[in-house]
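K.L.:
Okay, handing you the structure first.
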Amino acid sequence: MENRDLVRVSKRLSLALRHRPGAFGLRLDGAGWVPVDDLLAGLRISRAEMDAVVAGNDKQRFAVEHGPDGVDRIRANQGHSVPVDLGLTPADPPPRLFHGTGRDALAAILAEGLRRGGRHHVHLSPDVATARRVGARRGGAVVVLTVDAAAMTQAGHLFYCSANGVWLTDTVPPQYLTTT
């Protein structure tokens, strides 16, 4: 499969598993899982195409498992705009986390902090390189912000770590942000 085909299928998987499952005739369970066979039929892709996207996704956005009912199932690891409970438990983050964004958003972020928008959480990276890659996804100049996760934790903010190592929190107030 060519890289552009992988990207196209990955974007469709994200749309189906994170934002608009009904558009593909899918119904996610309470934890965001859907049977693989339902996903393949809804997206009209092969198991090989799905497996290639799951294995080749550098951000490990998707998880596949053999469910308790014996049926293979898939879900997105985070980033949902539809209601799901990923079963995440609070975890102690490293002292600093990072967030990549476009330069055009910097003034608003420094004034208002990071907000989750239509998603369940704000997404934070464990290292500058990952944050830079995330921030570059929309093109343009990238800015990486450092989040003082240690101070946030001391102030009572909760953090969660998704299955693919993305750190999640409800909000990052501006006093915990600095430009890297």
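K.L.:
Determine which member of the set ALA31, ALA55 is in contact with a Gly (Cβ under 8 Å, 6 or more places away or on another chain), loosely packed, with under 12 Cβ neighbours inside 10 Å and among the small types (Gly, Ala, Ser).
P.N.:
The match here is ALA31.
K.L.:
Restricting attention to segment 40-66, report how many residues are not in a loop (DSSP other than H, G, I, E, B) and not acidic (Asp, Glu).
P.N.:
Total satisfying the criteria: 16.
K.L.:
Would you check which residues across segment 120-165 are out of contact with any Lys or Arg (no Cβ under 9 Å at 6 or more places or on another chain) and among the charged types (D, E, K, R) and list them?
P.N.:
ASP127, ARG132, ARG137, ARG138
K.L.:
Still on this structure: Within the group PHE159, PHE98, which residue is touching a strand residue (DSSP E or B) at 6+ places or on another chain (Cβ under 6 Å), surrounded by 19 or more Cβ atoms within 10 Å (Cβ to Cβ) and under 30 Å from ASP29 (Cβ atoms)?
P.N.:
Numbers: PHE98 fails: under 30 Å from ASP29 (Cβ atoms).
Answer to the selection: PHE159.
K.L.:
Another question about this same structure. Taking segment 52-80 only, how many residues are more than 25 Å from HIS123 (Cα to Cα) and free of Cβ contacts under 8 Å to residues at least 12 places away in the same chain?
P.N.:
Of the residues in segment 52-80, 4 are more than 25 Å from HIS123 (Cα to Cα) and free of Cβ contacts under 8 Å to residues at least 12 places away in the same chain.
K.L.:
Which ones in segment 8-28 are surrounded by 13 or more Cβ atoms within 10 Å (Cβ to Cβ) and either over 18 Å from the mean Cα position of the chain (by Cα) or more than 17 Å from VAL64 (Cβ to Cβ) (or both)?
P.N.:
Taking segment 8-28 as the starting set, the residues that turn out to be surrounded by 13 or more Cβ atoms within 10 Å (Cβ to Cβ) are 8-10, 12-21, 24, 26, 28.
Listed by number, the residues that qualify are ARG8, LEU15, HIS19, ARG20, PHE24, LEU26.
Just so you know, all these numbers are worked out from the coordinates, no wet-lab data involved. As the structure is a prediction and not an experimental result, all values here were calculated from the model. FYI the Cβ positions are ideal-geometry reconstructions off the backbone, even for glycines, and counts take in every protein chain you see.
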